[in-house]
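Novice: Encoded as structure tokens, here's the structure I'll be asking about.
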């Protein structure tokens, strides 16, 4: 076996129960299926047909047959209806993964994101002006999802497919440069590699790993502060803003708020008087999920919108 497949096998590891490999038919996911098929344990596959390109149904069936040929069982093909934008397709795809896990009783779903995908994710975060958590990229594991190939390159996965004698599907949408991720993949990263050296992808992936460690530490600090002091304003003002903002965001999410992004987090900080003398707000702060935040000294209070907390 090649070094690449050994690394893929090590990333997959073992689990007590069924693992589903998410397979698109592309080189990355097919390489993951190949590596899984060489390991002991129960491995199946889920193939999602987004029905957005001509021939997608045939590509999905071909991928399913390849998985069956590798000995994966069960192999599910799920067709989803979705808009063509990346966010809608991703939401539909993950909904299908969760359905497949429920239907089969799978304990985990293996995703085939590689080091190249991680590098693209970091650049996307930089272009958005994101914070540490976003620059941390995709985590190796979250919930039922695991990404065993984050240490492998796209060249590694193509090599695994070639050595197994299996052809892979080239999704035509991956060439459409109206999508920012494809533009980064096809033009920006190759340009950076050519002009700055051939290790840009590795450097960006390393940045993600370091950022993840920092973000995990800050999140843990915020969790402990929230458990001990809640949203007590005096306690919040003693903290570094990076931690205090996380405490407020955690409290908002626990109250039922959704999509607490940068703008709403800054508004919560202003409500608590965090961030300097110019960062003050009388509130309330309206949050998605029909949640409102009020300053009721000595704490920040979260309530259902329309219900004002008593002074």
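Novice: Filter the range 148-173 down to residues that are free of Cβ contacts under 8 Å to residues at least 40 places away in the same chain and either under 26 Å from residue 126 (Cβ atoms) or part of a loop (DSSP other than H, G, I, E, B) (or both), then give me how many there are. Can you show your working first?
Specialist: Of the range 148-173, the ones free of Cβ contacts under 8 Å to residues at least 40 places away in the same chain are 155, 162, 165, 167.
This time we only want the ones that are either under 26 Å from residue 126 (Cβ atoms) or part of a loop (DSSP other than H, G, I, E, B) (or both), so: 155, 165, 167.
Here the count works out to 3.
Novice: Conditions: (1) at pLDDT 95 or above; (2) part of a loop (DSSP other than H, G, I, E, B); (3) surrounded by fewer than 18 Cβ atoms within 10 Å (Cβ to Cβ). Residue 130 meets all but one. Number of the miss?
Specialist: Checking residue 130 against (1) at pLDDT 95 or above; (2) part of a loop (DSSP other than H, G, I, E, B); (3) surrounded by fewer than 18 Cβ atoms within 10 Å (Cβ to Cβ), the one that fails is (1).
Novice: Could you say which residue among 164, 136, 205 is crowded, with 17+ Cβ neighbours inside 10 Å and over 21 Å from the mean Cα position of the chain (by Cα)? Outline the logic, then answer.
Specialist: Values: 136 fails: over 21 Å from the mean Cα position of the chain (by Cα); 205 fails: over 21 Å from the mean Cα position of the chain (by Cα).
On inspection, the qualifying residue turns out to be 164.
Novice: Select from the range 19-46 the residues that are touching a strand residue (DSSP E or B) at 6+ places or on another chain (Cβ under 8 Å), closer than 13 Å to residue 168 by Cβ and at pLDDT 95 or above and write down the one among them that is surrounded by the most Cβ atoms within 10 Å (Cβ to Cβ). Full working, then the answer.
Specialist: Initially, the range 19-46 is screened for residues touching a strand residue (DSSP E or B) at 6+ places or on another chain (Cβ under 8 Å), giving 19-25, 29-30, 32-33, 36-37, 41-46.
Subsequent filtering for residues that are closer than 13 Å to residue 168 by Cβ retains 23-25, 29-30, 32-33.
Applying the additional criterion that residues be at pLDDT 95 or above yields 23, 29-30, 32-33.
Values: 23: 29, 29: 25, 30: 28, 32: 29, 33: 31.
Top of the filtered list is 33.
Novice: Name the residues in the range 57-75 that are surrounded by fewer than 20 Cβ atoms within 10 Å (Cβ to Cβ) and in contact with a strand residue (DSSP E or B) (Cβ under 7 Å, 6 or more places away or on another chain), would you?
Specialist: Within the range 57-75, 57, 61, 68, 73, 74 qualify.
Novice: What tally of residues in the range 63-92 results from selecting those that are at pLDDT 95 or above and either part of a helix (DSSP H, G or I) or on the phi < 0 side of the Ramachandran plot (or both)?
Specialist: Taking the range 63-92 first, the residues at pLDDT 95 or above are 63-78.
Going one step further and asking which of them are either part of a helix (DSSP H, G or I) or on the phi < 0 side of the Ramachandran plot (or both), we end up with 63-70, 72-78.
Count: 15.
Novice: Under the condition of being under 17 Å from residue 23 (Cβ atoms) and surrounded by fewer than 18 Cβ atoms within 10 Å (Cβ to Cβ), which residue from the range 139-161 is farthest from the chain's Cα centre (by Cα)?
Specialist: By that ranking, first place goes to 158.
Novice: Being over 11 Å from the mean Cα position of the chain (by Cα), surrounded by fewer than 23 Cβ atoms within 10 Å (Cβ to Cβ) and part of a loop (DSSP other than H, G, I, E, B) is the filter here, so list the residues in the range 107-123 that pass it.
Specialist: 107, the sole residue that qualifies.
Novice: Have a look at 19, 29 and point out the one that is touching a residue at least 60 places away in the same chain (Cβ under 8 Å), part of a helix (DSSP H, G or I) and assigned by TED's automatic domain parsing to the domain that holds residue 148.
Specialist: On the way: 19 fails: part of a helix (DSSP H, G or I).
The match here is 29.
Novice: Contact list please: Cβ distance under 7 Å, first residue in the range 222-244 and without any contact (Cβ under 8 Å) to a residue 12 or more places away in the chain, second residue part of a helix (DSSP H, G or I) and surrounded by fewer than 17 Cβ atoms within 10 Å (Cβ to Cβ), pairs at least six apart or on different chains.
Specialist: Short answer, once both residue conditions are applied: 235/229.
The values are calculated or read from the model by the stated rules, or taken from the named source; none is laboratory data. Predicted model only: the values in this text are computed from it and were never measured. With ideal geometry, Cβ positions are generated from the backbone for all residues, glycine too; neighbour counts draw on all protein chains shown.
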